[in-house]
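Here's the structure we're looking at; comments come further down.
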Amino acid sequence: MVKTILLTGATGFLGSHLLQKFINMNYNVIILKRSYSDLWRIKNMIANIKMYDVDKHGISLPFEENHIDYVVHTATNYGRKGEKISDIIKTNLMFALELLETAAFFNTDTFFNTDTLQYKYLTNYTLSKKQFVEWGKSFAESGKINFVNIKLEHMYGPKDDENKFVMWLIKQMMEEVSEIKLTKCEQKRDFIFIDDVVEAYCMLLRINNFNNFDEFEVGTGKAISIKYFIRKLKKEIEKLKEREIKTHFNFGSLPYRENEPMEIKANNKKLLKLGWRPKISLEEGLIKTIKWINK
């Protein structure tokens, strides 16, 4: 029997990649969006899905009109555009909690939540995400719904937002700006290509043998310095341009953020035991991303 997925954040970076994969896997897909959402990432998929505008229809209507087996929740507010704390909380906590509550009421089997590996005290975004997970755990432990928390490290790839770190760096280098001011960039992060992240979600959906609360960290399991990542990126762009680029990297000209952790990497052992493996190398992922931007 074909399963039905309610997907939030489908017009975003991760959500749009998941949407394409879910369609390819022959799931029935319903997306929850805003009436004014920019559909550029998913315009070629609209004919294959059902859409509800949450600002017009509310959260309950998709559940009333459809039997929803799984919710895959990727919608988020990063707070990068100067949003008020209350606005970040409305999206990351209150909207998510209402969605979870509704899914539980309509007997949805599993709620797949998208979380972050970042420390909760770093930003209002990470704090709001951690608070919602606590509610998810409470719902799951009371037997109302299964809650699977998927914690992501630094994913990158085609269709990402231009203001995100990797995309911004690529554009700066492609345009050969004279200088990029940076921290010392000695902090280490676990960079993972979007296709590998999508495969992790799909594997968890296929297995779907969860009881109450479960949690998985998605990443390569290896951390590299941001300085190494930048130099690797520069090398791949120079290959594309077939010459050296002139951009100067001013490492150390910016301070680290307060309380910034110097190393974050995924503990992906649980995923590895289930058979998932990251398949896209850093070099391959960077090439795919650069070529997409260059088009």
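The values are calculated or read from the model by the stated rules, or taken from the named source; none is laboratory data. These numbers come from a predicted model, not from an experiment. Neighbour counts run over all protein chains shown; Cβ positions are idealised from the backbone, glycine included.
What number of residues in the stretch 36-69 are more than 19 Å from residue 94 (Cα to Cα) and either small (Gly, Ala, Ser) or outside the structural domain of residue 94 (by TED's automatic domain parsing) (or both)?
The first filter runs over the stretch 36-69 and keeps only residues more than 19 Å from residue 94 (Cα to Cα), leaving 36-51, 64-69.
Then drop every residue that is not either small (Gly, Ala, Ser) or outside the structural domain of residue 94 (by TED's automatic domain parsing) (or both), which leaves 37, 47.
Looking only at that region, the number is 2.
Could you list all residues from the stretch 189-243 that are over 14 Å from residue 278 (Cβ atoms), out of contact with any Cys (no Cβ under 7 Å at 6 or more places or on another chain) and among the aliphatic types (A, V, I, L, M)?
204, 205, 207, 233, 237, 240
Conditions first: (1) among the small types (Gly, Ala, Ser); (2) under 23 Å from residue 152 (Cα atoms); (3) surrounded by fewer than 22 Cβ atoms within 10 Å (Cβ to Cβ). Residue 60 passes all but one, so which condition is the exception?
(2)
Of the residues in the stretch 116-144, how many are within 14 Å of residue 92 (Cβ to Cβ), touching a strand residue (DSSP E or B) at 6+ places or on another chain (Cβ under 7 Å) and modelled with pLDDT under 95?
3
May I ask you to list the residues in the stretch 98-109 that are surrounded by fewer than 21 Cβ atoms within 10 Å (Cβ to Cβ), of a type in the set (A, V, I, L, M, F, W, C) and assigned to a helix (DSSP H, G or I)?
104, 105
Could you pull out the residue among 38, 53, 109, 87 that is touching a residue at least 40 places away in the same chain (Cβ under 8 Å) and over 21 Å from residue 152 (Cα atoms)? Steps first, answer last, please.
Working: 38 fails: touching a residue at least 40 places away in the same chain (Cβ under 8 Å); 53 fails: touching a residue at least 40 places away in the same chain (Cβ under 8 Å); 87 fails: touching a residue at least 40 places away in the same chain (Cβ under 8 Å).
Sole residue among the options that is touching a residue at least 40 places away in the same chain (Cβ under 8 Å) and over 21 Å from residue 152 (Cα atoms): 109.
From the list 217, 199, 260, 236, which one is loosely packed, with under 15 Cβ neighbours inside 10 Å and either within 25 Å of residue 109 (Cα to Cα) or of a type outside the set (Ser, Thr, Tyr) (or both)?
Values: 217 fails: loosely packed, with under 15 Cβ neighbours inside 10 Å; 199 fails: loosely packed, with under 15 Cβ neighbours inside 10 Å; 236 fails: loosely packed, with under 15 Cβ neighbours inside 10 Å.
The match here is 260.
Just to be sure I understand the filter: pairs with C-beta atoms under 7 Å, separated by 6 or more residues or on different chains, first member in the stretch 215-242 and without any contact (Cβ under 8 Å) to a residue 60 or more places away in the chain and part of a helix (DSSP H, G or I), second member crowded, with 17+ Cβ neighbours inside 10 Å and among the charged types (D, E, K, R). Which pairs pass?
Qualifying pairs under 7 Å: 226/189.
Between 112, 147, which is at pLDDT 95 or above, assigned to a strand (DSSP E or B) and either loosely packed, with under 15 Cβ neighbours inside 10 Å or in contact with a Lys or Arg (Cβ under 7 Å, 6 or more places away or on another chain) (or both)? Write out each step before concluding.
Values: 112 fails: either loosely packed, with under 15 Cβ neighbours inside 10 Å or in contact with a Lys or Arg (Cβ under 7 Å, 6 or more places away or on another chain) (or both).
Criteria check complete, one pass: 147.
In the set 72, 54, which member is surrounded by 19 or more Cβ atoms within 10 Å (Cβ to Cβ) and either of a type in the set (Asp, Glu) or in contact with a Lys or Arg (Cβ under 7 Å, 6 or more places away or on another chain) (or both)? Can you show your working first?
Details: 72 fails: either of a type in the set (Asp, Glu) or in contact with a Lys or Arg (Cβ under 7 Å, 6 or more places away or on another chain) (or both).
Just a single option satisfies the conditions, and that option is 54.
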